[in-house]
Every structure is written in C-alpha cells, then in structure tokens.
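In what follows, a single structure is set out as structure tokens and then discussed.
The values are calculated or read from the model by the stated rules, or taken from the named source; none is laboratory data. Note that the coordinates shown come from a computational prediction; the quantities given were computed from them, not determined experimentally. Backbone-built Cβ (ideal geometry, glycine too); neighbour counts: all protein chains shown. Calculation scope for accessible area: heavy atoms of the full protein, side chains included, ligands and nucleic acids excluded. Shrake-Rupley method; radii C 1.70, N 1.55, O 1.52, S 1.80 Å.
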Amino acid sequence: MADYKIIGAGIQGCCIALELANHGKKVTLIERDKSIFNRASLRNEGKIHLGLVYMNDPTFKTPYLMLKGALLFRKSLERWIRKDSYNLGLSEPFYYLVAKDSFLSADELEAGYQKLQDQFEEWKILNPNWDYLGTRPEKLFQRKPQKHIQNIFGNEVVEDGFQTAELAVDTSKLKEHLSKAVYANKNIEVLHESKVDQIEQKGDHFLLSISSFQQYFTLKSEHVINCAWDGKYVLDHQMGLPLPPELLHRLKYRVIVSLPKKLTNMPSATMVIGKFGDVVNQKNNKAYLSWYPSACRGWSHNIAPPDDWEEAAQGNVPSQLANNLSSEFLDAIDKWYPGISESKPEIIDAGPIVAYGKTDVDDSQSSLHFRSELGFKSVGNYHSIETGKLTTAPMIAVDFVNSILE
Ligand SMILES: Cc1cc2nc3c(=O)[nH]c(=O)nc-3n(C[C@H](O)[C@H](O)[C@H](O)COP(=O)(O)OP(=O)(O)OC[C@H]3O[C@@H](n4cnc5c(N)ncnc54)[C@H](O)[C@@H]3O)c2cc1C
C-alpha cells in the first residue's frame, strides 16, 4: 500500500491526514513542535471569512474563494470530527466598521458585499446542503444607519458600518477536536519534535532527513505532502519548485483578554480597510484583539522567517513586550470599541502569516489584498499545499485528496 508522509501538523496537515486515513491510507504526520496544532492554526483570530474583508480584489476571486471555503468548512470538518464539529465555540457575529480613512467608502463596500450576496444566493440554490458553521443566514450583511453605528462605536475613528453574519471559531476548540480525531485514528502515526531538514528524490521514492532531539534519521516515502506553512518554501526550493515572486512572512501578535462585564454581550467588530484591527467577542467573557499597527512586528521576504520569531510563535513572549503590546492594543482599540481598555490581558502570542506582497495592507495596490492563489501544486508524488487561510484549509484537504486518489 502507498505510504504518505505529511510535513506539518497544523489544520492543513491534520485535515489531509484524516481525509487520507478515511480512504484507508497509512499516514505519518511529521511535526517539529512538541504538540500538534500549536502554531499559526492555534494562534490566529479564527474568523471563518465570508469574503467581506477582501473587497479590494477587483477580480473578486478572493472573496468568492473565502465564501466557498466558509460554506464548506463545517461540512468538511464533519467528515473527520462528526458531531463535535458543531461545538466550535462560535463568536458573536461581526460588525464591519468603515474607518474614516478607509480607502474604500461605505457605498463601495456595500456594492461589493451585494455582489458577494448574489453569489451566495446562487450557491444556496445549487448546493442546498452547504451551510455557514451550522447557520443559514438570509443576508450576509445589512448596512446600519450611521447614528446606530456611532452610538455603539463612537465617532472618533468610525464613519459607517454594517452588521454581518460573519463568525469566528475558537481555535483552541478546533485544536481539541482535530487532535482527538488524529490521535484516535489507527491509520495515522504522529512524530513529534521531528523537523524535516531535507528531502531528496531517489527514483520512485523520497528520502526525508529528520532531526529530533539532536538525533538524525531518514524516512523513506512514496508520497510527500508539504503542509509546513512558514517552513514550506525551504523544502519546496529543495525540490526545485519556483519561489513565489513576492513571498512575504509577517509575524502578527494577538492579545486575548477577559472582558469587563458591561462588554460581554457586545458584537465582534472588524475595522476596514487599511491598517486596522479586530475584536472577536468569543462569548465566554473572553475576546481576541488585534491592532495591526502594533500587532505586525515582523516582516521578511526571506525563504523562511527569522529564527527569532520561533519563541512568540510557540506562545513565549517576554513580559515587557507582552505588557507593551497589551497597552498599545487596548489604547488604540478603545477609541472605536469604548470600554475595552478595562479588559484584562490573559494570553499574548503570535503567528507567522505567509502571503505575497511587497507593500502593506494600507496600499490599495498591495498583493496582500489578493488571496486566491491557494490550493496545491504537485510534481510527481511531491505535493506542496498552500493553505492561505484557516477558512479554506478543510476544503483544500478534501479537494487535494480527491485529486491524488483519482
Ligand atoms: C495572527 C493571525 C491571524 C489569522 N487570522 C485568520 C483568520 O481569522 N481566519 C483565517 O481563515 N485565517 C487566519 N489566519 C491564517 C491561518 O492561521 C493560517 O492560514 C493557517 O492556520 C495555516 O495552517 P497550516 O496548517 O498551513 O499552518 P500551521 O498551523 O503553522 O501548521 C504548519 C505546521 O508545520 C510545522 N512545520 C513547519 N516546518 C516544519 C518542518 N520542516 N518539519 C516538521 N514540521 C514543520 C509547524 O511547526 C506547524 O505546526 C491568521 C494567521 C495569523 C498568524
């Protein structure tokens, strides 16, 4: 029987492993971290994107792709975690707040959201079994009167706004469910603290050189599936795959806070479009906070992120930096989410974001507004997976496995 080695056990590697195992394939998941699902897939916002954030892609490929990934998210997860997938710790729905200096106006955004709504209506008819995290919203968005928005979010930074159907999942719950499914599956073996340093093709198979606890060994495999996210391009390069021209790694911090009582029923909110941020009310008295000007503290066009990003990406942030980040986030966000500065910071960590772009999100021409180059590339039995977003990972896993088992 063909064997499959998957490099990286984030959401992408876990979903592909589970899908292959469901087809009766033997899989080895090789993970450099001490536990699986401990990097970007855990330390992110958990938003299951309806596409609303990507209105600056004039081709509309990105918003449509996100919407499709979102509508297939729960259904795909249910292939592997079944009933548990309903308990993903869904957040309060998001308001989209149009900043006074947004480079798209509320009218322009509304026109884009309507286009997305039209696509959504079409897919609802064509695919009656698709849903959005177990919900079937009538409308993806509703423009709210300016007075209503400014009553809640103030008028210092915010111009206008929309109530939307968008939600986030609790990534720690996602970790719990997917880890349980991986460890319970007899077709999946997990190697922890094992870093793939090199891949070589030898005739019809591959040799993987692995370091683990300062020991070195090699594994042979017929298929290699690279789901290493920020560790992906080093290995792709060894296999002769061209690097994307504007490859960019950014290190982005998050702060999870305990909310003051008066904010526990507030909506989640994302400010658009530019260098802004989010508040995700996770409904358990906790909120995820992000404020891009302070959160984005690493920028690298190298083939892999610098080594000194490692600690924060594993959850270890020096207390001085953690304090600075928390107060910067709380001060900035309090201007448009009044009262948030009374929150108590609890978790501060970071994750690398892999994308393409030379300039930042406040440049309307930046490639960061395009995220439609996702999916997989195969050269023989070497497969490189471009996760893109948490939203699209389960859909990519199902498509990819279908394509290689065809
Ligand atoms: C701050 C932040 C916020 C985000 N917000 C959202 C959001 O709201 N919605 C959304 O859809 N997406 C969001 N994303 C993107 C999302 O987190 C990622 O797209 C997704 O988690 C990537 O999953 P992955 O499995 O490819 O990567 P990871 O979860 O990083 O998994 C890759 C694994 O590969 C391992 N690895 C790497 N190199 C090697 C090697 N050589 N050998 C062995 N193992 C290796 C790593 O240790 C890691 O465990 C966000 C990302 C960040 C950082």
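In nm, to one decimal, how far is the Ser172 label point from the Asp362 one, both placed 7 Å along Cα→Cβ?
3.3 nm
Can you compute the equivalent ellipsoid semi-axes for region 128-275, i.e. the square root of 5 times each eigenvalue of the Cα gyration tensor, sorted largest first and rounded to whole Å? Walk me through the numbers before you get to the answer.
On the way: eigenvalues 397, 84, 61 Å².
So the three semi-axes of region 128-275 are 45, 21, 18 Å.
With n ≥ 4 as the cut-off for DSSP H runs, can you work out [θ] at 222 nm for the chain, using -39500 (n - 2.57) per run divided by the number of residues, rounded to the nearest 500? Let's see the in-between values first.
Values: 10 runs with 120 residues, N = 406.
Dividing the helical sum by the residues of the chain leaves -9000 deg cm²/dmol.
Report the trypsin sites (Lys or Arg not before Pro) located in region 113-169 that are in a DSSP loop and have at most 16 other Cβ atoms inside 10 Å of their Cβ, or state none.
Working: sites: Lys115, Lys124, Lys139, Arg143, Lys147; in loops: Lys139.
Of the trypsin sites (Lys or Arg not before Pro), the ones in loops of region 113-169 whose Cβ has at most 16 other Cβ atoms within 10 Å are Lys139.
If one computes P(r) from the Cα atoms of region 218-369, what percent of pairs lie at distances over 22 Å? It would help to have the intermediate numbers written out before the result.
On the way: 5703 of 11476 pairs.
Value for region 218-369 (Cα pairs over 22 Å): 50 percent.
Can you grab the distance from the C-alpha centre of region 257-285 to the C-alpha centre of region 131-206, Å, no decimals?
Result: 16 Å between the Cα centres.
Can you pull out the trypsin sites (Lys or Arg not before Pro) in region 65-111 that DSSP calls coil and that have at most 16 other Cβ atoms within 10 Å? Could the numbers behind the result be given before it?
Details: sites: Lys68, Arg74, Lys75, Arg79, Arg82, Lys83, Lys100; in loops: Lys100.
In loop regions of region 65-111 (DSSP not H, G, I, E or B), the sparsely surrounded trypsin sites (Lys or Arg not before Pro) are Lys100.
Taking a probe of 1.4 Å, how large is the accessible area per residue of region 1-151, in Å²?
Numbers: 6010 Å² over 151 residues.
Ligands and nucleic acids excluded, the figure is 40 Å² per residue.
Expressed as an acute angle from 0 to 90° and rounded to the nearest 10, what is the orientation of the C-alpha long axis of helix 319-334 relative to the principal long axis of the chain?
Approximately 40 degrees, to the nearest 10.
Under 10 Å from the Cβ of Asn187, count the other residues' Cβ atoms, weight Lys and Arg +1, Asp and Glu -1, and hand me the total.
Values: positive: Lys25, Lys26, Lys186; negative: Glu189.
Counting the neighbours of Asn187, the net charge comes to +2.
What do you get for the angle between helix 393-405 and the principal long axis of the chain? Use alpha-carbon atoms, 0 to 90 degrees, nearest ten.
30 degrees
Counting Lys +1, Arg +1, Asp -1, Glu -1, what net charge surrounds Phe376 among other residues with beta carbon under 12 Å of its beta carbon?
-2
Compute the acute angle (0 to 90°) between the alpha-carbon long axis of helix 11-22 and the principal axis of greatest extent of the alpha-carbon atoms of the chain; round to the nearest 10°.
Once rounded, one gets 50 degrees.
In region 215-360, carbon and sulfur make up what percent of the accessible area (probe 1.4 Å)?
On the way: 3070 of 6120 Å².
The computed percentage sits at 50.
Roughly how many Å² is the accessible area per residue of region 251-404, as a whole number, for a 1.4 Å probe? Walk me through the numbers on the way to the answer.
On the way: 6110 Å² over 154 residues.
Each residue of region 251-404 exposes 40 Å² on average to a 1.4 Å probe.
Rounded to a whole number, what % of the accessible area of region 1-125 do carbon and sulfur atoms account for, probe 1.4 Å?
Values: 2170 of 4320 Å².
Carbon and sulfur: 50 percent of the exposed surface of region 1-125.
Could you pull out the trypsin sites (Lys or Arg not before Pro) across region 318-400 that fall in loop regions by DSSP (anything but H, G, I, E, B) with no more than 15 other Cβ atoms inside 10 Å?
Numbers: sites: Lys335, Lys358, Arg371, Lys377, Lys389; in loops: Lys335, Lys358, Arg371, Lys389.
Here the sparse-neighbourhood loop sites are Lys335, Lys358.
If you average the C-alpha positions of region 358-393 and of region 1-25 separately, how far apart do those two centres end up, in angstrom?
Their Cα centres are 21 Å away from one another.
Give me the net charge of Val361's neighbourhood, meaning all other residues with Cβ under 14 Å from the Cβ of Val361; Lys, Arg count +1, Asp, Glu -1.
Details: positive: Arg250, Lys252, Lys275, Lys358, Arg371; negative: Asp57, Asp101, Glu246, Asp278, Asp360, Asp362, Asp363.
Neighbour charge sum, excluding Val361 itself: -2.
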